[in-house]
């Protein structure tokens, strides 16, 4: 059978290094490598550094006299006040306040914004952008965008800065580069646009680079075998879950608002006052309600006893204090798990879930049905493990 999956510029490199390739969001991507388990790769990233191919992500570049005003229709971020070179996590919303996708935006210059969104949402995102853009242009707004056809490589882990510093030269001081900032730089002789950030909870960098330079760049990073290894989608997923980071299509959806998802902090103060983004009336009404009373369910972290609770597992309320849980009469469900896995660092099973208001407070006991068994779980703060982002 001929595969219709797209391949990144690093596909041959993955195969040469023992990558186990799987289909993901229409791409052939490595889930792990033959010389490491997923758990081993996860722990290596937490202790040293790993390289991830994230070239399947959608990169776009926005310009035009009204590009900031337009993007503030698409996302909840305060881009107008975002300093040059700084990045911000945000969400695109629809007319009902639901999340179209989560995104990282960087103020590339006074005239341009660089945006990264999820591979699995690429077609939907472009359609949403185009529809919103068509209306804006009818109003006379001057906005242009282009898809950036480049590779994207993530270097993540506590050793990332030392490794990258050796490849950028003495004229760049990475210790002075804060988390969530970006700048162009030459890495191992290749022109890159480097953002300090990532999807693991660790210090790290994402490097946007021409396709032809992607493999030589990665080989330069791997020239430190005692420190740097390749890592795949399996470790990336468990790392992001330990860090309390959402995966679109699982923990976020078109029906989930930023308030329900625990992402209200991404809505800038000015945006809360002025609105202006799609679905603002619905989202700001939730923000203004006492205790977010209009939000039926909230995203929470869970520490789960027994077997791992996976996506779709149903969550039930615990009985009143002093009464045993009756698996024959569990009562009404109060939510469902959206992501779950064993935590290599905690050596416990962790999960994200949406649970009904009143059951979302940290320390609350609930029960999760895993296959045919009901397992006790405790609502936990997120991130599950401390993040180690670089501060200046």
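The values are calculated or read from the model by the stated rules, or taken from the named source; none is laboratory data. Treat the numbers as computed from the prediction; the structure is a model and nothing was measured. Here the Cβ positions follow ideal geometry from the backbone for every residue, glycine too, while neighbour counts run over all protein chains shown.
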> Within the group 321, 261, 285, which residue is closer than 28 Å to residue 241 by Cα and out of contact with any helix residue (DSSP H, G or I) (no Cβ under 9 Å at 6 or more places or on another chain)?
Replying inline: 261
>> Checking residue 259 against (1) more than 24 Å from residue 133 (Cβ to Cβ); (2) modelled with pLDDT of 95 or more; (3) not in a loop (DSSP other than H, G, I, E, B): exactly one of these is not met. Which one?
In response: (3)
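Look through 189, 198 and report the one residue that is at pLDDT 95 or above and buried (at least 20 other Cβ atoms within 10 Å of the Cβ).
198
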> So how many residues does region 211-234 have that are assigned to a loop (DSSP other than H, G, I, E, B) and either surrounded by fewer than 23 Cβ atoms within 10 Å (Cβ to Cβ) or modelled with pLDDT under 95 (or both)?
Replying inline: 6
>> What's the total number of residues in region 155-196 that are part of a strand (DSSP E or B) and more than 12 Å from residue 209 (Cα to Cα)?
In response: 6
> closer than 23 Å to residue 249 by Cα and modelled with pLDDT under 95 - does that describe any residue in region 319-339?
Replying inline: no
> Across region 33-65, what is the total count of residues that are part of a strand (DSSP E or B) and farther than 11 Å from residue 229 by Cβ?
Replying inline: 7
> Filtering region 9-26 down to residues that are under 22 Å from residue 222 (Cα atoms) and touching a strand residue (DSSP E or B) at 6+ places or on another chain (Cβ under 6 Å), which residue is surrounded by the fewest Cβ atoms within 10 Å (Cβ to Cβ)?
Replying inline: 18
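Could you tell me how many of the residues in region 293-302 are surrounded by fewer than 17 Cβ atoms within 10 Å (Cβ to Cβ) and in contact with a strand residue (DSSP E or B) (Cβ under 8 Å, 6 or more places away or on another chain)?
Adding up the residues that qualify gives 1.
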> residue 123 is checked against (1) under 21 Å from the mean Cα position of the chain (by Cα); (2) touching a residue at least 24 places away in the same chain (Cβ under 8 Å); (3) over 21 Å from residue 85 (Cα atoms) and fails just one. What number does that condition carry?
Replying inline: (2)
>> Testing residue 6 on (1) under 18 Å from residue 121 (Cβ atoms); (2) buried (at least 20 other Cβ atoms within 10 Å of the Cβ), one condition comes back false. Which one is that?
In response: (2)
> Among (1) in a loop (DSSP other than H, G, I, E, B); (2) in contact (Cβ under 8 Å) with a residue 24 or more places away in the chain; (3) surrounded by 16 or more Cβ atoms within 10 Å (Cβ to Cβ), where does residue 207 come up short?
Replying inline: (1)
>> Condition first: over 13 Å from the mean Cα position of the chain (by Cα), at pLDDT 95 or above and assigned to a loop (DSSP other than H, G, I, E, B). Now tell me which residues in region 262-274 satisfy that.
In response: 262, 267
> Of everything in region 105-150 that's touching a helix residue (DSSP H, G or I) at 6+ places or on another chain (Cβ under 6 Å) and either part of a loop (DSSP other than H, G, I, E, B) or assigned by TED's automatic domain parsing to the domain that holds residue 196 (or both), which residue is surrounded by the fewest Cβ atoms within 10 Å (Cβ to Cβ)?
Replying inline: 141
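Answer yes if at least one residue in region 27-36 is assigned by TED's automatic domain parsing to the domain that holds residue 155, within 18 Å of residue 147 (Cα to Cα), touching a residue at least 24 places away in the same chain (Cβ under 8 Å) and surrounded by 16 or more Cβ atoms within 10 Å (Cβ to Cβ), and no otherwise. Outline the logic, then answer.
Step one: of region 27-36, the residues assigned by TED's automatic domain parsing to the domain that holds residue 155 are 27-36.
Among the residues that remain, those that are also within 18 Å of residue 147 (Cα to Cα) are: 27.
Those left that are additionally touching a residue at least 24 places away in the same chain (Cβ under 8 Å): 27.
Keeping just the survivors that are surrounded by 16 or more Cβ atoms within 10 Å (Cβ to Cβ) gives 27.
Yes, region 27-36 contains a residue that is assigned by TED's automatic domain parsing to the domain that holds residue 155, within 18 Å of residue 147 (Cα to Cα), touching a residue at least 24 places away in the same chain (Cβ under 8 Å) and surrounded by 16 or more Cβ atoms within 10 Å (Cβ to Cβ).
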>> Among the residues that make up region 95-107, is at least one of them at pLDDT 95 or above, in contact with a strand residue (DSSP E or B) (Cβ under 7 Å, 6 or more places away or on another chain) and over 30 Å from residue 230 (Cα atoms)?
In response: yes
> Which one of these does residue 358 not meet: (1) over 30 Å from residue 203 (Cα atoms); (2) at pLDDT 95 or above?
Replying inline: (2)
